[in-house]
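The values are calculated or read from the model by the stated rules, or taken from the named source; none is laboratory data. Here the structure is a predicted model, which is why all the values come from computation and not from measurement. When we count neighbours, we look across all protein chains shown, and the Cβ atoms used for this are built from the backbone with ideal geometry, even at glycine.
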C-alpha cells in the first residue's frame, strides 16, 4: 500500500467535513439544510448496517427494527411514561441494543440467505405492529400510533435549524469514528474473519455464534442512537421508521459505498440522500435514478466506491514494488525451526 | 496410560449411506499416526468428526480423558485439537498476518489480538515460510502458500493433536518438503501428536510410527512402521 493513500483519504474526509461545517454560513435554503441534517442521521444508520452486513457479513434486511425501536421507545417513554428526554433517549438506545441482541440470538445459528429472510420477517412484523397498533387513544377518536405515529416530547421548542444541523453532523462524525474503531479492534478483525470464511474462523477457535451476536448488538446500538437523533429531529416516531424501505435503503447504500468499509457506506448514504432529496425529483424519477445507481455500481464496481478505491490503491502499491524487508532462512535449516 | 484421543464406535451416515461404521482408534500423546484408504472410505468424514466439524450418529470421542463428542470445532481447537482442510477456505479480505492473528487471539483465548501478540505472529509466519507474504491478502495466495497458512493457523494454538487432511496433495516438492519438515519439528520438539490423512504411502511411512487403513468406514487394519 502506498504511504500517501491513508493520508489522502484522511485529507478528503477532513476537507469534506470542513465544507459541511462551513455550509450553513452560505445562507442555504432551509429545505436543503434539513435534507442534509436528515442525511447525516441516515448516513450514521447506514454505517451501522455496515457493522452487521459488511464487516460481519450478516446481510440483514431488517435493520430498521432497532432504528424504529429506538424512535418508538423515545416517543413512548417521553409521552406516555413521562420520562425526561435524556433518560428516555438512553433507555431508547438500550432497548434498540437489546432488540439487536435478540435478533442476533435468533440469527446466529443461520447463514447467508436465511439471515436475510429471518431479519426481513422480523422487520416486517415490527412494521406491521407499528402500523396496526394504536398506543394511546383519546377522546374524540384521537389516537397515537398507526401511520401517523407518536409525537416525541422534546425539551426544546423551535430550536434553530443550525443547531440540529451541527448536532447531527457531530453525531455522524463521532458514531462513524466509534464504528471504525470497533471495526479495527480485535473483535472487528474476528468479525471480518467470520464474514470471509466461517468454517476457517471456527477452525481457528472462533465461537462464531457469539461474534455474530456481538455484531448485531453493536450495529443495533448505533442504529438506535441514529434513531434517537432522527426522532428528535423530525419530532415524531412513525411506522416508516420500521419500514422495509429503510432497511433496503441502508443495504443498498452500503453496497454502493463499499461494504465493510464503514466510511464508504456513510458517505454514499449522505451523498445519495442529498442528491435524491435535494434535486426535488418526482418520486418515479427518484426511483429510476436510485435503481440505475445501484445497477451501475453492482455491475462495474462490485466492491462499491470505497472498495474499488482501496483496490486501485493496492494495485498502485504493488506497482511501486515491495517495501517489506525480506527474511531468508539459513540454508540447511528446516522452515519450522523449533516447535 | 490414558490416550490423548480415544474414539470408540464412531458411526456417521449421510442420506442413509453409512460412511463411518464403528470406527475405533486411539492416539497417544506425541504419537505420529497415518490414515490411509481408498477414495470414499470415510477419511475426510472421520477427520471432520474427530475435529468437531461434524457430530457422529453413534460413538464417543474422548480427549485427554474428557468426553468431547458434542464439542464443536472451535471449542476443540481451544482444547488443543487443530485441523487443516483438504481445500483451504481463506479469508478473502484478511492478510496472512491478520489470519494468524485471528487464530492466536480467538483460538488461544488468552492472548491479546493487539500488538502484544506481534512477536508470536511473526514467529509463526516465519516458521511456515510466509514472512514475505505477511501483508498479502489471503485471496491472492498460491495453493502452496495457502497450505502453509493452514499450518500456521493450526499451530497457533500450540496443538496437542493436529489432524491433517490431504495437506500435501497437489503441492510442489519444495512446499511438501518444507511442510513435512515443519510437521516433524512440531512433533519432535513440541510433542504434537498428529493424524495425517494421505494417499501417499511413502509419505506416511516416512513420517508416521503407525498407519491405520480405513476401508468402507472401518479401520480394516493397522501397521506399525
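For the stretch B:73-93, enumerate the residues that are farther than 18 Å from residue B:20 by Cβ and either assigned to a strand (DSSP E or B) or in contact with a helix residue (DSSP H, G or I) (Cβ under 7 Å, 6 or more places away or on another chain) (or both).
Matches in the stretch B:73-93: B:74, B:77, B:78, B:82, B:84, B:85, B:88, B:89, B:90, B:91, B:92, B:93.
Can you tell me which residue among B:40, B:34, B:9, B:22 is under 24 Å from residue B:216 (Cα atoms), assigned to a loop (DSSP other than H, G, I, E, B) and away from chain A (no Cβ under 14 Å)?
Going through B:40, B:34, B:9, B:22 in turn, just one is under 24 Å from residue B:216 (Cα atoms), assigned to a loop (DSSP other than H, G, I, E, B) and away from chain A (no Cβ under 14 Å): B:40.
State whether the residues of the stretch B:121-140 include one that is touching a strand residue (DSSP E or B) at 6+ places or on another chain (Cβ under 8 Å) and more than 15 Å from residue B:98 (Cβ to Cβ).
No, because not a single residue in the stretch B:121-140 is touching a strand residue (DSSP E or B) at 6+ places or on another chain (Cβ under 8 Å) and more than 15 Å from residue B:98 (Cβ to Cβ).
Among the residues of the stretch A:163-193, which ones are at the interface with another protein chain (Cβ under 9 Å from one of its Cβ atoms) and either more than 19 Å from the chain's Cα centre (by Cα) or surrounded by fewer than 17 Cβ atoms within 10 Å (Cβ to Cβ) (or both)?
Scanning the stretch A:163-193 gives A:185, A:186, A:190, A:193.
For residue A:155, which of the numbered conditions (1) crowded, with 24+ Cβ neighbours inside 10 Å; (2) touching a helix residue (DSSP H, G or I) at 6+ places or on another chain (Cβ under 6 Å) fails to hold?
Answer for residue A:155: the failing condition is (1).
Any residue at all in the stretch A:126-140 that is over 26 Å from residue A:245 (Cα atoms), touching a strand residue (DSSP E or B) at 6+ places or on another chain (Cβ under 7 Å) and surrounded by fewer than 12 Cβ atoms within 10 Å (Cβ to Cβ)?
Yes, there is a match, as at least one residue in the stretch A:126-140 is over 26 Å from residue A:245 (Cα atoms), touching a strand residue (DSSP E or B) at 6+ places or on another chain (Cβ under 7 Å) and surrounded by fewer than 12 Cβ atoms within 10 Å (Cβ to Cβ).
Sort through B:198, B:209 and tell me the only one that's within 22 Å of residue B:25 (Cβ to Cβ), surrounded by fewer than 17 Cβ atoms within 10 Å (Cβ to Cβ) and in contact (Cβ under 8 Å) with a residue 60 or more places away in the chain.
Selected residue: B:209, the only one of B:198, B:209 that is within 22 Å of residue B:25 (Cβ to Cβ), surrounded by fewer than 17 Cβ atoms within 10 Å (Cβ to Cβ) and in contact (Cβ under 8 Å) with a residue 60 or more places away in the chain.
Looking only at the stretch A:79-110, count every residue that is assigned to a loop (DSSP other than H, G, I, E, B) and surrounded by 14 or more Cβ atoms within 10 Å (Cβ to Cβ) and tell me the total.
Number satisfying all stated conditions: 3.
Residues B:144, B:65, B:118, B:80: which one is more than 26 Å from residue B:35 (Cβ to Cβ) and more than 8 Å from chain A (Cβ to nearest Cβ)?
B:118 is the lone residue from the list that is more than 26 Å from residue B:35 (Cβ to Cβ) and more than 8 Å from chain A (Cβ to nearest Cβ).
Residue under question is residue A:75, and the condition is that it be closer than 24 Å to residue A:182 by Cα, in a helix (DSSP H, G or I) and at pLDDT 90 or above; does it hold?
So residue A:75 fails the test.
When you look at residue A:239, is it farther than 29 Å from residue A:297 by Cβ and more than 8 Å from every other protein chain (Cβ to nearest Cβ), yes or no?
Spelling it out, residue A:239 is indeed farther than 29 Å from residue A:297 by Cβ and more than 8 Å from every other protein chain (Cβ to nearest Cβ).
Quick one: which of A:206, A:228 is in contact (Cβ under 8 Å) with a residue 12 or more places away in the chain, buried (at least 24 other Cβ atoms within 10 Å of the Cβ) and outside any helix (DSSP H, G or I)?
The conditions single out A:206.
Out of the residues in the stretch B:121-136 that are at the interface with chain A (Cβ under 7 Å from one of its Cβ atoms) and in a loop (DSSP other than H, G, I, E, B), which is nearest to residue A:314 (Cα to Cα)?
My answer is B:135.
Given the conditions (1) more than 9 Å from chain A (Cβ to nearest Cβ); (2) under 17 Å from the mean Cα position of the chain (by Cα); (3) at pLDDT 90 or above, report the number of the one that residue B:150 does not fulfil.
(1)
Looking at this structure, is residue A:251 more than 14 Å from every other protein chain (Cβ to nearest Cβ), in a helix (DSSP H, G or I) and under 11 Å from residue A:49 (Cα atoms)?
Yes: the conditions hold for residue A:251.
Given the criterion over 15 Å from the mean Cα position of the chain (by Cα) and buried (at least 22 other Cβ atoms within 10 Å of the Cβ), identify the matching residue among B:171, B:161, B:179, B:214.
B:214 is the lone residue from the list that is over 15 Å from the mean Cα position of the chain (by Cα) and buried (at least 22 other Cβ atoms within 10 Å of the Cβ).
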